[in-house]
1. Filter region 48-67 down to the residues that are polar (S, T, N, Q) and either within 20 Å of Val165 (Cα to Cα) or surrounded by 15 or more Cβ atoms within 10 Å (Cβ to Cβ) (or both) and list them by number.
2. Assess whether Leu116 counts as being touching an Asp or Glu at 6+ places or on another chain (Cβ under 6 Å) and open to solvent by less than 90 Å² (accessible area, probe 1.4 Å).
3. Please tell me if Val96 is β-branched (Val, Ile, Thr) and open to solvent by 70 Å² or more (accessible area, probe 1.4 Å).
4. Looking only at region 68-84, decide whether some residue is under 24 Å from Tyr11 (Cβ atoms), in contact with a Leu (Cβ under 9 Å, 6 or more places away or on another chain), surrounded by 16 or more Cβ atoms within 10 Å (Cβ to Cβ) and modelled with pLDDT under 95.
5. If you take the residues in region 142-185 that are of a type in the set (A, V, I, L, M, F, W, C) and free of Cβ contacts under 8 Å to residues at least 24 places away in the same chain, which one is surrounded by the fewest Cβ atoms within 10 Å (Cβ to Cβ)?
6. If you go through region 1-42, how many residues are free of Cβ contacts under 8 Å to residues at least 40 places away in the same chain and assigned to a helix (DSSP H, G or I)?
7. Given Ala5, Ala28, which one is out of contact with any Phe, Trp or Tyr (no Cβ under 8 Å at 6 or more places or on another chain) and of a type outside the set (Asp, Glu)?
8. Within region 82-125, can you find the residues that are among the hydrophobic types (A, V, I, L, M, F, W, C) and outside any helix (DSSP H, G or I)?
Amino acid sequence: MTTIALVLYGYTSMAVMIWFTQWISLFAADSLNFSDGQAHFLLSLYSLGSISGVMLIFALLKRNVKETHLLISMNVIAVLALLGVLVGTSTVMVQVASFVFGISAAGGIMQVGLTLFMRFFPHHRGMVTGVYYFFGSIASFTVPLITGVLSTTSMRAAMTGDLVVGLIGSALMLVVLISERGRHHG
């Protein structure tokens, strides 16, 4: 069960980032009535957040924070940030949510998932890396197809799909945590 959850997380962790970067500016302009400058600035804030997230995750791992706890908390924060973007009632709220999403979803958490996966298969690190990133590359191909279909309904539907993917990623990490605890207690 852990292996399947981590393989699928290879997909969701990449999909949630691609989804956001492809749709945030269009969503903000269309659904939130942001100016073009304000809408594009959200992508810049996301990028700044991702750089900050790399430093934060590095610092947390140096303090021996468990990968599973980091993965769950960062995925939940990413979901909450996406929710903030979707229901944001002010420009500042959406800007802060975009920055926080960058920290939590794009700050290296995909690589932390891979590190955790490789820990389960230390003698097959190359194969694990290949499978994990293969599923990530499937996201690169499928996200534009899925979001294209959703956007025919509305920009909000396209962006809400990212929230669903984030929730799935969080659920997958919960499965990993539960199965890891079961393995230690079993």
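The values are calculated or read from the model by the stated rules, or taken from the named source; none is laboratory data. Computed from a predicted structure; not experimentally measured. Here the Cβ positions follow ideal geometry from the backbone for every residue, glycine too, while neighbour counts run over all protein chains shown. For accessibility, only protein heavy atoms count, side chains too; no ligands or nucleic acids. Shrake-Rupley method; radii C 1.70, N 1.55, O 1.52, S 1.80 Å.
1. Ser50, Ser52
2. Numbers: touching an Asp or Glu at 6+ places or on another chain (Cβ under 6 Å): yes; open to solvent by less than 90 Å² (accessible area, probe 1.4 Å): yes.
The answer is yes for Leu116.
3. Judged against the criteria, Val96 is a match.
4. Yes, some residue in region 68-84 is under 24 Å from Tyr11 (Cβ atoms), in contact with a Leu (Cβ under 9 Å, 6 or more places away or on another chain), surrounded by 16 or more Cβ atoms within 10 Å (Cβ to Cβ) and modelled with pLDDT under 95.
5. Leu145
6. The number of residues fulfilling the criteria is 8.
7. Exactly one of Ala5, Ala28 is out of contact with any Phe, Trp or Tyr (no Cβ under 8 Å at 6 or more places or on another chain) and of a type outside the set (Asp, Glu), namely Ala5.
8. First, the residues of region 82-125 that are among the hydrophobic types (A, V, I, L, M, F, W, C): 82-83, 85-87, 92-94, 96-97, 99-101, 103, 105-106, 109-110, 112, 114, 116-118, 120-121.
Passing the criteria: only Phe121.
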